[in-house]
Amino acid sequence: MLCIRGSRLWRCPSARSRLLSAPMNTALTSSVRCRFAPSPTGNVHIGNIRTAIYNWLVARHHGGKFLLRIEDTDRERSTPEAVQGVLNAMDWLGLTIDEEPVYQSTRREAHLAMAEQLLASGHAYKEDKGNTGRGEAVIFRMPGEDMGFDDLVKGPLRKAAADLKDFVIVRSDGNPVFHLSNVADDIAMNINLVIRGDDHVENTYRHLALYQALGAPLPSFAHLPMIVNHQGKPYSKRDGDAYVGDFQAKGYLPEALFNFLVLLGWSPGDDREFLSREELVALFDLDRVGSNPAQFDLVKFENLNGQYMRALPDSDYKTQFTACLAEAGLIPDDDAYLDRVIPLLKERIKKWPDTAEQAHYFFSDHFSFDEKAVRKRLQREGALENLLALREAFAALPDFTATALDEALRNLAEQQGAKPADFIHPVRVAVTGQAGGPSLFELLEVLGRDRVLDRMAKAKETVASLNPSE
RNA sequence: GCCCCCAUCGUCUAGAGGCCUAGGACGCCAGGUUCUCAUCCUGGUAACACGGGUUCGAAUCCCGUUGGGGGUGCCA
């Protein structure tokens, strides 16, 4: 027997075993309702948020709804801070929700009522396992037949009745268990597509049985492979290097992280990797989601982030750039100056926090010197003399422009039978304190005559103040 | 233990029996551009876990092994 999933053919389990959920003839449509259901017991990490992103993308792609449910029933571990963390992460990444968030902790009575209903209909029973004295728990009775469902990313899955055991839905202390609450809320929220982590595949049989017992319509399921850490283990609450909040704090761009995370487990099928949000909404669908776990490669991500930085519209770039300067206590002289500085730096700042360090010398005379560079370029024999000679040549220039500066320097070098580089490097260090940076002559022009000449004159003190070792 | 899932360069991946002497990206190496760093351009390095099948033909299908992951009545 063959059935259709997307455009692919799949061998289906024998028709004899009841196939639950019916996604093979339920194409995803604009009526799709999916949700992100995090438990706020720690920081949101990239594995969590990637699940949220896929849910959001599917909803947007099909014109359906994307909802949020905070599963905060674990009162010991759920904190308001963690809830806020989830909200912040989603907001930062632009994961807009279409209805008010549901807080699971407010639905306890409904969950318990559902357990009563199952008890009444004979789908559940009470038992004190091993007479522990803890009281009776409510146990759900599995149907006792083979079950299967067609996972939207993993294909057809099935399980023998013998491997499907009864399970607790209400603890002996009277608290509902995850399975009950989760299904009860999904039913209440009319969720018809559940996209969640791979760690829930085995739970799906239980959930499906619950839907059946309750007579509720069955949703479709899609289980996403995990994102694993460098040890190849799924990210846990303990993996401190993968929190979404940290990416935000470190100055990475949300669009870059969004783009990168989507690519961890999905690809458009061609060679594109730099995809705008609009393109992703248009292209993304579950049928191209892979089924093997992925590792987050920070280096590759930083490359993508750099591409986003360079592609940023000028106005956005300027706003952020200015904010970074302000944070470091640097105030641009004027807007026109800022507009001339930015193009020089734009392609070499890889993430926002690097801004102040790389731009410092443009906005203040109190910048630090790279000792290695000073030693190599200014403490050389004759370096200071060259510098002063060059300063005179620069000072004599009627126009302090890049081309004029360039010409003056090369002329002087030629006169002295030296290489242009012998002058270029010392000037750079004297004027910027750094070994590398933007094109020297443009940099000098933008910096302006006064600053440049002043700093060149001070080079001698600078060298002395650094108290040369060796 | 039992059940389920997964397996292509170091990493993310393309691949739906012949288009694959396996393509792209990041990284790395070499070269180019340049005053440096960055950007950019060119070239190179590197993979179908293993063993059996099926087939004229397999990275692609089947079985097994190994490895990894998940689940397994009171975590979510």
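Quick one: which of A:Lys233/A:Lys351; A:Lys126/A:Lys159; A:Lys346/A:Lys376; A:Lys233/A:Lys350; A:Lys346/A:Lys458; A:Lys300/A:Lys350 span more than 23 angstrom between C-alpha atoms?
Over 23 Å apart, Cα to Cα: A:Lys233/A:Lys351; A:Lys126/A:Lys159; A:Lys346/A:Lys376; A:Lys233/A:Lys350; A:Lys346/A:Lys458.
Among A:Leu93, A:Gly144, A:Phe260, whose Cα sits farthest toward the positive end of the charge dipole of chain A (+1 at Cβ of Lys/Arg, -1 at Cβ of Asp/Glu, about the Cα centre)?
It is A:Gly144, whose Cα lies furthest towards the positive end.
Using a Förster radius of 60 Å, what is the FRET efficiency between A:Leu453 and A:Glu278 based on their Cβ-Cβ separation? Nearest 0.05, please.
Plugging the Cβ-Cβ distance into 1/(1 + (r/R0)^6) gives 0.75.
At 7 Å along the Cα-to-beta-carbon direction for both A:Lys460 and A:Asp98, put a label point, then send me their distance in nm to one decimal.
Going by the 7 Å Cα→Cβ label model, 7.4 nm.
Of A:Phe362, A:Thr79, A:Val183, whose Cα points farthest to the positive end of the dipole of chain A (charges on the beta-carbon: +1 Lys, Arg; -1 Asp, Glu; origin at the Cα centre)?
So the residue we want is A:Val183.
Suppose a student asked you for the relative contact order of chain A, using Cα pairs under 8 Å spaced at least 6 residues apart; what percent would you report?
Computed over chain A, the figure is 13 percent.
Please turn the phi angles of segment A:107-117 into ³J(HN,Hα) values with the Karplus equation 6.51 cos²θ - 1.76 cosθ + 1.60 (θ = phi - 60°), one per residue in order, whole Hz, x for glycine and proline.
Once θ is set to phi - 60°, the couplings for segment A:107-117 become 10, 3, 4, 5, 5, 5, 4, 5, 5, 4, 4 Hz.
Translational diffusion coefficient, Stokes-Einstein: compute it for segment A:259-370 using the Kirkwood radius over C-alpha pairs as Rh, at 25 °C and 0.890 mPa s, and state it as an integer in µm² s⁻¹.
150
For chain A, take the alpha-carbon Rg, divide it by the Kirkwood Rh, and send me Rg/Rh.
1.17
If amide H atoms are built 1.01 Å from N in the plane of the peptide, which residues on other chains or at least 5 residues away come under 5 Å of the amide H of A:Val102?
For A:Val102, the qualifying residues are A:Leu68, A:Arg69, A:Ile70.
Compute the distance in nm between two label points, each set 7 Å from the Cα along the Cα-to-Cβ direction, one at A:Asn190 and one at A:Ser30.
1.5
So, R0 is 56 Å and r is the distance between the beta-carbons of A:Asp271 and A:Asp166; what FRET efficiency does that work out to, to 0.05?
0.65
Determine the sum of side-chain charges near A:Leu304: Lys and Arg each +1, Asp and Glu each -1, restricted to other residues whose C-beta is under 13 angstrom from that of A:Leu304.
+1
Nothing charged except the Cβ atoms of Lys and Arg (+1) and of Asp and Glu (-1): what's the magnitude of the dipole of segment A:109-261 about its Cα centre? Round to the nearest 20 debye.
260
So how far apart, in nm, are the two label points at A:Ser364 and A:Ser439 if each is 7 Å from Cα heading toward Cβ?
2.9
Let me make sure I get this right: for segment A:390-459, a, b and c are the square roots of the gyration tensor eigenvalues over alpha carbons, sorted descending. Under 1.5 in a/c it's rounded, otherwise prolate if a/b > b/c, else oblate. Which is it?
Here segment A:390-459 falls in the rounded category.
Suppose R0 equals 51 Å; then what is the FRET efficiency for A:Gln295 and A:Ala113 from their Cβ-Cβ distance, rounded to the nearest 0.05?
Efficiency computed from Cβ-Cβ geometry: 0.70.
Rank A:Tyr361, A:Tyr103, A:Tyr308 by accessible area, highest first, at a 1.4 Å probe radius?
If we order A:Tyr361, A:Tyr103, A:Tyr308 from most to least accessible, we get A:Tyr103, A:Tyr308, A:Tyr361.
Can you spot the aspartates and glutamates whose alpha carbon is less than 20 Å from A:Lys460's alpha carbon? Ignore those fewer than 8 places along the same chain.
By straight Cα distance, A:Lys460 reaches A:Asp365, A:Asp370, A:Glu371, A:Glu381, A:Glu385, A:Glu392, A:Asp422, A:Asp450, A:Glu470.
Local charge sum around A:Leu412 (other residues, Cβ-Cβ under 14 Å, Lys/Arg +1, Asp/Glu -1)?
-3
Give, in whole angstrom and from largest to smallest, the semi-axes √(5λ) of the equivalent ellipsoid of segment A:138-286, with λ running over the eigenvalues of the Cα gyration tensor.
34, 20, 15
Apply the Karplus parameterisation 6.51 cos²θ - 1.76 cosθ + 1.60, with θ equal to phi minus 60°, to every residue of segment A:370-378 and state each ³J(HN,Hα) to the nearest whole Hz, in sequence, with x for glycine and proline.
Once rounded to whole Hz, the list reads 6, 4, 4, 5, 4, 4, 6, 9, 9.
For segment A:394-470, what is the accessible area per residue in Å², given a 1.4 Å probe and the full set of protein chains?
With the other protein chains kept in place, segment A:394-470 gives 49 Å² per residue.
The values are calculated or read from the model by the stated rules, or taken from the named source; none is laboratory data. Note that this is a predicted model, so its numbers are computed, not measured. In this analysis, Cβ positions are derived from the backbone assuming ideal geometry, glycine residues included, and neighbour counts consider all displayed protein chains. Surface accessibility is based on the protein's heavy atoms, side chains included, excluding ligands, DNA and RNA. Shrake-Rupley method; radii C 1.70, N 1.55, O 1.52, S 1.80 Å.
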